[in-house]
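Inspection log for the structure reproduced underneath, given as structure tokens.
The values are calculated or read from the model by the stated rules, or taken from the named source; none is laboratory data. Everything quoted here is computed from the prediction, not taken from an experiment. All Cβ positions, even for glycine, are placed from backbone atoms using ideal geometry, and neighbour counts span all protein chains on display. Surface areas here come from the heavy atoms of the whole protein model, side chains and all, with no ligands, DNA or RNA. Shrake-Rupley method; radii C 1.70, N 1.55, O 1.52, S 1.80 Å.
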Amino acid sequence: MKIIKRILLAILIIIVLTALMAWIYLNYTKPKYSGTVKFSALQDKVDVYFDEWGIPHIYAQNELDAYRAFGYLHAQERLFQMEMMKRVASGRLAEILGKDLVETDKFFLALGLEDAANRSIKANHHPDEPFAKAAEAYLEGINAYIKNGKTPIEFSILGIPKEEFKTQDLYLIAGYMAFTFSSGFTMDPIVSKIDKTLGSKYLKNWGTIYQPGTEQIPSNNKPDVAIENELISYTSKIKNSLPLPSWIGSNSWVIAPSKSKSGKVIFSNDTHIGYAQPSVFFEAHLEYPGHRIYGNYIAGVPFALLGHNQNCAWGLTMLENDDLDMFREKMNPENPNQVWFKDHWEDLEIKHFKIKVKDTADVDFQLKISRHGPIMNGLLSKLDSTEAPVAVWWTFPHVESRIAEAFYKLNNSNNIKNAEEAASLIYSPGLNVMYGDMDGNIAWWAAAKLVKRPVHVNSKIILDGSSGNDEYLGFYDFKENPKLINPESGFVYSANNQPDTMAGILYPGYYAPEYRAKRIVQWLSTDKKWTVEEMKKMITDDVSEIHPEMAKLIISQINKADIIKKGGNYSKAIKLLTEWDGGHAADAIEPTIYYKLLYHALFNTFADELGENTFNDLSSGHLMSNTYPFIFKDEESPWWDDVHTKTKESRGEIFTNSFNQSIEDLEKQLGNDMSKWNWSKVHLLEHQHPLGTVKPLDKIFNVGPFGVKGGNQVINNIDFDFTKDGIYKATYGPAIRILLDFADIENSISVLPTGESGNFMSKHYADQAEMYNKGEFRKQMMNKEEIIKTNTGILVFSPK
């Protein structure tokens, strides 16, 4: 018995010692917020003060030292995030995550981002340019941390070798951003499938073109659809496999001094990006002689995508321009390495890749490339590589990027002329650049290399690659792009909606529906004199106009006699939806009922023609949001008929069945007491870390889940996929909220969805999550005296 006791005691001691050692190790990996860092590349000492949210305030004697220190600090908090960004874009995920990521690596290798990065560096990244010097200094900082700093726990768990960052990685990360902006990868095959299988009558009211009367940003035989089905499935699978968030949309508005109580410009921006942990943006305040900047940075990029200096502020939303075309090639039946173009056979370029795969053999990969781009068939496992080859032409690999230079110049702009010049250097991805300054100027520029296409081309469907008739005709000059500077209205805005005409045309894109834009215009088209305090209400507004309108439309068409007989929750639901004001408060009941009803109405209308998989890919995106309100209003639409039945269904039948299904589902899901069907019970926000997909690591690395307010296509756009189970997991939303009054530039406010740190042991890993969920804010501090007085740690970088 004594022996058993001794054995148990020994086991207990081992467990305690192991836990203690693990705790000591994890604490060792925490970011360093005070003390001294020796850094031989520095010219002078750099002082860094951390505020109560862990945000670094960097004071350097020269620009390059500021960027060196910033690179080190950025890596200290976000090195794993940086590593994942560069590996996704360079097709190197399988090397650390295993065979399940081979297909993803093939896809990104096919996009040619590495070649595009190298061409851009050779053409534009000259060592003597100020932006290049600053970028290289930032990389020095990252690499100093990699060499001398602590190894992130994720590297140890996954066995990731630490390797230095290169200039190429900056441009690869830009390529990843551009990919997530491009809806055409998924949407073009869907539209092509509808066009080929159902015909033009089914595309009536479809949101592939601008619908007249909606809000614009002001400015000056049964066909073979195997390839379409495979492209839809494949691109959806690739996006779902990524361990990083996608960029989806954004809101921004800037109001002129005439509309503000302070008599100065007020600036607002909230970018809509997929939720993830750590947060997408990292905040930092840099100062050196002659320059002050408070910026919001993404991993591995030295220049602030959003931010302000002492003279001006800039922000972004996605332009959503159509920068991608797919071409169906005609293959030579006698030579699978040739395709027809105009009047002759052309040889395909053939590239060979070797993909390293963790814990198994390398994978050899061959890619064929036509004049239009990579042939996708070789990537699609269910299609023979010779079957109906489709090539992808995408703007990003066809332009020599100047995006690093563009954002360096934005960060250093002193006036509106500087900012416009910087915006003109953004080629891809397409962005809406929002601007305001101390002099009272406000502006919006559509910044992109916009493709010129022949008049007859519908860029939303797969084009003919063999005739030569559908080829692109070059790019528009930036001066022809939509823009708006100091308008009489007193405000500029963007909500990813359709810009006004340029060069006499409405430029094609997969633009967001007008709903957020319309709400923004309503808020701002008043005589109110705005303050930042009032703007807080606007940026967190969760009222929709389109959803109550659709709810009332559906209710007006259902069989009321059938509902009256059922009574109970059926009658209560009709009353609630009929009186709903469109609010998405956490305790609201109406959104819970409405989104269940909307899901069934959409599914019963579209899934029979599209198939369930294609419907799921389409149902939650901008294209569907732009489409269904017009179809719901069209009693004669062919979509009402269920193609699987002999009878012809009507709109009223579809809506009645959908309503009945919804109440039945909700009673099973949430019980019979409708007062407990609160929105926050089903609208859930969890910030998922790449390691948090594996249990029990989700309890360590993920943040949440939280029941939250907000919803689909409202200003507080905490959006989700429409799902059968009635649980609406937030997929994307504001990645940061920023408000700034130029009358008090040192006290602008913002909030991140979780926190500043990417280290789960840091107290700043999730310390902003509660504020974010409540719609609260904190200071973006720039007053040095206040920063020094309230700092929570001082880190000094010293030359060796």
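A few comments on the model shown:
- With N counted as the residues of the stretch 412-489, its alpha-carbon radius of gyration over 2.2 N^0.38 Å works out to 1.43.
- Computed over the chain, the per-residue total of -39500 (n - 2.57) for DSSP H runs of n ≥ 4 gives a 222 nm mean residue ellipticity of -11500 deg cm²/dmol, rounded to 500.
- Whole-number percent relative contact order across the stretch 646-726, with pairs defined as alpha carbons under 8 Å at least 6 apart: 21 percent
- Net length available on complete extension from LEU553 to LYS724 is 59.4 nm, with 0.36 nm assigned per residue and the Cα-Cα distance removed.
- When ASP721, ASP741 are compared by accessible area at a 1.4 angstrom probe, the order from most to least is ASP721, ASP741.
- Using a simple spin-label model with pseudo-atoms 7 Å out from Cα toward Cβ, GLU480 and LYS133 lie 3.8 nm apart.
- Percent RCO, i.e. relative contact order, over the stretch 456-612, from Cα pairs under 8 Å lying at least 6 residues apart: 14 percent
- q = 0.10, 0.15, 0.21, 0.22 Å⁻¹, the stretch 428-532: log10 I(q)/I(0) [Debye, one scatterer per Cα]: -0.38, -0.76, -1.24, -1.32
- Scaled against 2.2 N^0.38 Å for its residue count N, the alpha carbon radius of gyration of the stretch 546-685 is 1.03.
- When the charge dipole of the stretch 616-732 is built from unit charges on Cβ atoms (+1 for Lys and Arg, -1 for Asp and Glu) and taken about the Cα centre, the candidate among ILE654, ASN717, SER637 whose Cα reaches farthest toward its positive end is ASN717.
- Binned Cα-Cα distance frequencies in the chain - 20 Å width, integer %: 15, 48, 32, 5, 0
- Highest average first, the peptides 372-379, 41-48, 432-439 ordered by how many other beta carbon atoms sit within 10 Å of their residues are 432-439, 372-379, 41-48.
- Per-residue HN-Hα couplings for the stretch 645-656 [Karplus 6.51, -1.76, 1.60; θ = phi - 60°; Hz; x = Gly/Pro]: 10, 7, 7, 9, 7, 10, 4, x, 5, 4, 5, 5
- GluC sites (Glu not before Pro) restricted to the stretch 621-712 and DSSP loop, no more than 12 other C-beta within 10 Å: GLU635, GLU636
- Local electrostatic count at ASN791 - Lys and Arg +1, Asp and Glu -1, tallied over other residues with Cβ under 9 Å: -1
- The tail of the calculated P(r) for the stretch 476-585 beyond 25 Å holds 47 percent of all Cα-Cα pairs.
- Violating pairs (Cα-Cα greater than 18 angstrom) within the set LYS106/LYS166; LYS537/LYS681; LYS30/LYS774; LYS536/LYS784; LYS552/LYS575: LYS106/LYS166; LYS537/LYS681; LYS30/LYS774; LYS536/LYS784
- A Förster radius of 30 Å combined with the Cβ-Cβ distance from THR792 to GLN61 puts the calculated FRET efficiency at roughly 0.80.
- Where labels lie 7 Å past Cα in the beta-carbon direction, separation of GLU579 and LYS452 in nm: 6.0 nm
- Across every pair of non-identical alpha carbons in the stretch 683-729, the mean reciprocal distance, once inverted, gives a Kirkwood radius of 11.7 Å.
- Dividing the convex hull volume of the alpha-carbon atoms in the stretch 647-799 by its residue count gives 229 Å³ per residue.
- Surface accessible to a 1.4 Å probe, THR360 within the full protein complex, Å²: 80 Å²
- Per the Cα gyration tensor, the stretch 69-138 maps to an equivalent ellipsoid with semi-axes of 26, 19, 5 Å, ordered largest to smallest.
- Taking all pairs of distinct alpha-carbon atoms in the stretch 346-482, Kirkwood radius in angstrom: 18.3 Å
- Where the alpha-carbon atoms of the stretch 704-777 are placed on the principal axes, they occupy 48, 33, 16 Å, in descending order.
- Stokes-Einstein diffusion coefficient of the stretch 234-329, Kirkwood radius over Cα pairs, 20 °C, 1.002 mPa s, in µm²/s: 131 µm²/s
- Computed from the C-beta positions of GLN43 and HIS126 and an R0 of 30 Å, the FRET efficiency is 0.85 to the nearest 0.05.
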